[in-house]
Amino acid sequence: MWEEVVWLLVLALPVACVSWTVTHEEIFREPREWLQERSQTCNRWYQRKFCYVWTCEYCFSHWIGAAFVALTGFTLLLQDWRGYLIAWLALVAVANVYMSAYNRLRVEIRKERAVADKERAVADQVDQRDDSEDDSPSIGATFADGSPKPR
């Protein structure tokens, strides 16, 4: 039983990786955009659905999961067709948990990066303001030795 669980957790990684890469990453952007457009403009419903599958990580993970179950012969709980069905659906579920976690991690990283960029911009503005104040004498300005600067 534990060996099956390990297989499920490990096999879900490449399913999630392939599904995410095809449906989100830049390397497949052009075909994905073309398929996205076709998924809305094809005349026949099955053509629209075929094109849509390539743009939805949840939908696409079903096909990738089925391919991985077929390639590996992975079954879960039972050793007949029901084991393949359970393995396929469980594999898709775990892969989608992985993809959701990865997506959440990317959102957190972007958020932290945006906060850091904003703090850096504010610090740069303060530094620029301090530099401009140093260049022009102000009321009560003093020399390095503490004596007052003339007005």
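The values are calculated or read from the model by the stated rules, or taken from the named source; none is laboratory data. Being a predicted model, the structure only gives us computed values, none of them experimental. Note: ideal-geometry Cβ built from the backbone for every residue, glycine included; neighbour counts use all protein chains shown.
Brief remarks on what is shown
- F50 being among the aromatic types (F, W, Y) and either modelled with pLDDT of 95 or more or closer than 17 Å to E25 by Cα (or both): no
- Restricted to region 1-96, the set of helices (runs of 4 or more DSSP H) holding at least 2 residues that are acidic (D, E) comprises 2-24, 29-41.
- Some residue of region 22-43 being more than 16 Å from W88 (Cβ to Cβ), hydroxyl-bearing (S, T, Y), surrounded by 12 or more Cβ atoms within 10 Å (Cβ to Cβ) and touching a Lys or Arg at 6+ places or on another chain (Cβ under 6 Å): yes
- Here L71 meets each of (1) in contact with a Lys or Arg (Cβ under 8 Å, 6 or more places away or on another chain); (2) at pLDDT 95 or above with one exception, condition (1).
- Of all residues in region 30-38, none satisfies being touching a residue at least 40 places away in the same chain (Cβ under 8 Å) and out of contact with any Ser or Thr (no Cβ under 8 Å at 6 or more places or on another chain).
- Scanning region 97-110 for residues that are buried (at least 19 other Cβ atoms within 10 Å of the Cβ) and either of a type in the set (D, E, K, R) or not in a helix (DSSP H, G or I) (or both) turns up nothing.
- Looking across L89, L105, one residue alone is without any contact (Cβ under 8 Å) to a residue 40 or more places away in the chain, in contact with a helix residue (DSSP H, G or I) (Cβ under 9 Å, 6 or more places away or on another chain) and not β-branched (V, I, T). It is L89.
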